[in-house]
Amino acid sequence: MKIVSIIGARPQFIKLAPLSKKIRENFHEVIIHTGQHYNNNMSGLFFDHLDLPAADYNLGVGSASHGRQTASMLEGISDILLKESPAAVIVFGDTNSTLAGALAAAKLHIPVIHVEAGLRSFNRAMPEEINRVVVDHVSDYLFAPTETAVKNLKRENLADRAYLTGDIMVDALAGSLEHARARPSPLEALGAEPGHYYLLTLHRPSNVDDQGQAARLLSELSRLEERVIFPVHPRTMKMIENNSIKVAANISLIEPLGHLDFIVLQDQAMKIITDSGGIQKEAYLLGRPCITLRTETEWVETVEAGWNLLLDPNRPDLAGPIAAFEPTGKAPQYYGENVAEKMTEIIVTVLA
Ligand code: UD1
């Protein structure tokens, strides 16, 4: 039986890696890469480091407006699905590649499996929130990572399609951590001391697409006393370069890193500052304090446990609360285990 997995952006390569291994024990898997992310350090490196099979198709859609990007994926994916005629399609997360994949399959009456279903920020200004809602409603099997996600699906009358599977990032991290720690440490090349730097990532349109906001955030973070290591997403780098935004000496701008090096930088960081969804959870699983520069999060458990501090990026003082943040209590295990196996068992059962 054939299954098509659809990926396109950096976090999806990470999520597919552990699931693909299990899927391939039971099905013939065909991988479609939309080409949403295309730089070697946003895509190619991930396939190498995660031991991910090469994509069978790469649509090479590249960057464009949301409408154009999603439309050209929809066209390309539909043609391939018509040709391959799979028993089901798997999509991951909340990107434009997820939306195009789910919609193309649903229109062809091919069952859609959504990994990371039921997450909500309740902020429709985020493109990802629109994608999540639409994808959940056109999908047939909703793999929810948390109890909160299941509750969100119930509220939208989607309970009969929901499965509490746990979070595939648990397996992704378990699969990479040992391997990551065994490699030469990226800290040496950076001249960084374990436990003596903040790790920063920023790429949300609300934080980086406005020149004033991006400049203000970087100026606030320059007030931190320890060094800040900042692997810069291409979207953010464009904003910094095109507007000659000043970056203070305590902030080290570096290229986006491969996943294994990035895990080590997270693991050894004093604290992590981010606006990414996936990184909030990786920080939690690694037991690192996380400060999220957003007003809401889909990963509410990490905040409730006291390990993730939500900071409104528009507030006047960011450096003070970041420096003062010290989680105290235990970090309960909310995200399950052996998730890829559980997901594959469900897929085998429902497609039988
Ligand atoms: C996308 C996802 C976001 C996810 C993020 C992970 C959507 C709506 N957003 O955001 O949910 O958290 O990926 O990184 O799907 N670029 C390059 N090279 C690349 C990739 C991107 O230069 O390899 C530049 C392009 O100029 C592009 C910009 O980055 O315009 C943004 O890329 P895009 O894929 O549209 O959105 P992301 O911000 O990466």
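A few comments on the model shown:
- Residue within the range 45-57 that is within 16 Å of the ligand (Cβ to nearest atom) and over 30 Å from Val264 (Cα atoms) present: no
Here's the yes/no breakdown for (1) closer than 18 Å to Val339 by Cβ; (2) free of Cβ contacts under 8 Å to residues at least 12 places away in the same chain; (3) among the polar types (S, T, N, Q):
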site: Thr148; (1), (2), (3): yes, no, yes
site: Asn157; (1), (2), (3): no, yes, yes
site: Leu164; (1), (2), (3): yes, no, no
site: Asp171; (1), (2), (3): yes, no, no
site: Ala182; (1), (2), (3): no, yes, no
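- Residue among Glu226, Glu188, Glu220 that is acidic (Asp, Glu) and farther than 19 Å from Ala324 by Cα: Glu188
- Matching residues in the range 227-255 - criterion: being within 12 Å of the ligand (Cβ to nearest atom) and farther than 12 Å from Leu199 by Cα: His233, Pro234, Arg235, Thr236, Met237, Lys238, Met239, Glu241, Asn242, Glu255
- Qualifying residue in the range 64-77 (condition: among the hydroxyl-bearing types (Ser, Thr, Tyr) and in contact (Cβ under 8 Å) with a residue 40 or more places away in the chain): no
- With a requirement of 1 or more residues that are under 30 Å from Lys151 (Cβ atoms), the helices (runs of 4 or more DSSP H) lying completely within the range 199-309 that satisfy it span 205-208, 259-267, 277-286, 300-304.
- Residue, farthest from Ser121 (Cα to Cα), within the range 183-198, restricted to residues that are hydrophobic (A, V, I, L, M, F, W, C) and in a helix (DSSP H, G or I): Ala189
- Leading residue by the ranking (nearest to Glu25 (Cα to Cα)) among those in the range 310-352 that are among the aliphatic types (A, V, I, L, M) and free of Cβ contacts under 8 Å to residues at least 40 places away in the same chain: Ala352
- Cβ-Cβ distances below 7 Å connect the following pairs, each with a first residue in the range 86-103 that is in contact (Cβ under 8 Å) with a residue 40 or more places away in the chain and within 16 Å of Phe27 (Cβ to Cβ), a second residue that is part of a helix (DSSP H, G or I) and hydroxyl-bearing (Ser, Thr, Tyr), and a separation of six or more residues or different chains: Val91/Thr98.
For (1) within 16 Å of the chain's Cα centre (by Cα); (2) crowded, with 16+ Cβ neighbours inside 10 Å; (3) within 13 Å of the ligand (Cβ to nearest atom), each residue gets a yes or a no:
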residue	(1), (2), (3)
Ala87	no, no, no
Thr98	yes, yes, yes
Leu103	no, yes, no
Glu156	no, no, no
Leu164	no, yes, no
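- Selection count, the range 93-146, where residues are assigned to a loop (DSSP other than H, G, I, E, B) and of a type outside the set (A, V, I, L, M): 16
- When the range 123-143 is filtered for residues that are under 18 Å from Gly278 (Cα atoms) and away from the ligand (no atom under 16 Å from the Cβ), only Phe143 remains.
- Restricting the range 18-44 to residues that are within 17 Å of Met169 (Cα to Cα), in contact with an Asp or Glu (Cβ under 7 Å, 6 or more places away or on another chain) and touching a residue at least 40 places away in the same chain (Cβ under 8 Å), the residue that is nearest to the ligand (Cβ to nearest atom): Pro18
Computed from the coordinates by the stated procedures, all read-outs in this text should not be read as laboratory data. This structure is a prediction, so every number in the text was calculated from the model and none was measured. For neighbour counting, all protein chains shown are included, and Cβ atoms are generated from backbone atoms with ideal geometry for every residue, glycine included.
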